[in-house]
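Input: a single structure, listed below in structure tokens.
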Amino acid sequence: MYSEILNYLPSDRLLFNEEMQNHTTFKIGGPVDIMVLPQDEEDVATVVSFCRQRDIPLFIFGVGSNLLVRDGGIRGVAMKLGENLDEVEVNGEEIQAQAGIKISALARIAAFHSLSGLEFAEGIPGSLGGALVMNAGAYDGEMQGLVIEARAISPDGSIKTFKNEEMQFGYRQSIFQSNGYIIISARLKLVTGNREEIEERMLEFACRREEKQPLDKPSAGSTFRRPPGFYVGPMLEELGLKGYQIGDAQVSSKHAGFIVNNGNATARDVLNLIAYIQQKARERFGVDLQPEIRVVGED
Ligand SMILES: Cc1cc2nc3c(=O)[nH]c(=O)nc-3n(C[C@H](O)[C@H](O)[C@H](O)COP(=O)(O)OP(=O)(O)OC[C@H]3O[C@@H](n4cnc5c(N)ncnc54)[C@H](O)[C@@H]3O)c2cc1C
């Protein structure tokens, strides 16, 4: 049944039995039955209708920088909106962009046009789509403060434009984490600033990251959401977990808020490490740590 998709899309947009570890910043994840690399919106719509008509599960991802894919991989189709679909248009203080563009690339385009607001995105490796789903943020900003509206395809194939207030943003939270829509593009509003100052701020953020984060090792960024009243890094340090390792998954010895892959970590290693940390945090601080990273696929 899966090979039928070749009747709808050219073979250079399809990868069969593709290892998800080649498409996640964690470098972890088993095979997906079919990976689709859409070239345009029409491809996205084609895949949605192909999957819907055959009841094939469809998973969407961008850069895979907030993902832990289990070792058994993903059944059905995984569509990657991270490499193509990257057109951008700047109109005054507004930016219209497709979901696949990297948010850090968008930040640089904004800086080039002396537009301020996206500086925080320097160094966030995700796509615009993924950044909206996660309401990505850092330092002094997050996506919620910039987005005017987003165009998305529903699971039944219809197009809907979501206004900012309809996106139910919260801390690393949006409606797209549960409504099954695929974000295709978005319109952002920035403010005019001074190009040099914008670029200086971006450089400063990049330096801070370099100094504090384990950027030399595969990871998916912060493992846990920040619980009210605590910072995860210091909490894990106090628990003596900095550097603690299960298999090749390790609580980073540079920043305890990150789990890193020391080479051959499996998703099982990471999940066991997460469970161990959660147990320790509960016992000592009575805090229920919730993963920020999205865990998908089967064991
Ligand atoms: C070194 C490092 C540093 C990081 N720093 C930060 C940080 O400072 N702040 C921060 O917030 N995050 C940070 N992250 C996490 C991550 O980069 C962000 O969450 C990013 O927004 C995820 O985008 P992505 O394209 O990689 O999404 P993916 O990981 O591919 O997907 C994330 C979720 O979004 C869904 N999704 C992705 N694209 C779409 C779409 N077009 N339509 C519908 N659903 C979609 C997926 O199904 C999944 O549930 C960091 C990660 C790393 C590795």
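Quick note: the coordinates plus some simple rules give every number you see, no bench work behind them. For clarity, every value in this text was computed on a predicted model and none was experimentally measured. Cβ placement follows ideal geometry from the backbone for every residue including glycine, while neighbour counts extend to all protein chains displayed.
What separates the Cα centres of segment 200-227 and segment 132-168 is a distance of 23 Å.
Within the listed set Glu19, Glu283, Glu122, the residue fluctuating most in the Gaussian network model of the chain (springs between alpha-carbon atoms under 10 angstrom) is Glu283.
At each listed q (0.09, 0.11, 0.14, 0.21 Å⁻¹), what is the log10 of I(q)/I(0) that the Debye formula gives for segment 107-258 modelled as equal alpha-carbon point scatterers? Treating every Cα as an identical point scatterer, log10 I(q)/I(0) equals -0.36, -0.53, -0.81, -1.27. Label separation (Ile109 vs Ala275): 4.3 nm, computed from points 7 Å beyond Cα along the C-beta direction. Inter-part distance, segment 72-128 to segment 35-55, computed on C-alpha centroids, equals 21 Å. Put in order of Cβ neighbour count within 10 Å, fewest first, the listed residues Met20, Met134 become Met134, Met20. Between Thr161 and Asp33, full extension at 0.36 nm per residue minus the direct alpha carbon distance yields a gain of 43.0 nm. In the chain the Cα-Cα distances spread across 5 Å bins starting at 0 as 1, 5, 12, 15, 17, 16, 14, 11, 6, 2, 0, 0 percent of all pairs. For the chain, the number of Lys pairs with C-alpha atoms closer than 16 Å, counting only pairs eight or more positions apart or on separate chains, is 10.
Going by C-beta contacts inside 10 Å, put Ile274, Ile124 in order with the fewest on the left.
Ile274, Ile124
Karplus-based coupling profile of segment 241-258, in residue order and whole Hz: 9, 4, x, 5, 9, 10, x, 9, 8, 9, 5, 3, 7, 8, 9, 5, x, 10, with θ = phi - 60° in 6.51 cos²θ - 1.76 cosθ + 1.60 and x standing for Gly or Pro. Shape analysis of segment 88-197 places it in the prolate category; the axes a ≥ b ≥ c from the Cα gyration tensor give an a/c of at least 1.5, with a/b above b/c.
Between Asn194, Asn22, Asn91, the GNM of the chain built on Cα springs shorter than 10 angstrom shows Asn91 fluctuating the most. When the Gaussian network model of the chain links Cα atoms closer than 10 Å, the mean-square fluctuations of Gly240, Gly141, Gly157 top out at Gly240. Of the complete DSSP H runs in the chain, those spanning 18 angstrom or more by Cα along the long axis with a mean Kyte-Doolittle score not below -1.0 are 41-54, 267-285. Listed values for segment 165-180 are Karplus-derived 3J(HN,Hα) couplings in whole Hz (6.51 cos²θ - 1.76 cosθ + 1.60, θ = phi - 60°), namely 5, 8, 8, 6, 6, x, 4, 6, 9, 7, 5, 6, 6, 9, 9, x, and x replaces Gly and Pro. When a/c reaches 1.5 or more, the comparison of a/b and b/c decides; with that in mind, is segment 201-299 rounded, prolate or oblate per its Cα gyration tensor? Oblate, since a/c reaches 1.5 and b/c is not below a/b.
Extension gain, Glu283 to Ile175: 0.36 nm times the residue separation minus the Cα-Cα distance gives 35.7 nm. Look at the Cα gyration tensor of segment 29-83: its axes a ≥ b ≥ c give a/c of at least 1.5 with a/b at or below b/c, and that counts as oblate.
When each of Phe258, Phe59 is scored by the number of other beta-carbon atoms lying within 10 Å, the sequence from fewest to most is Phe59, Phe258.
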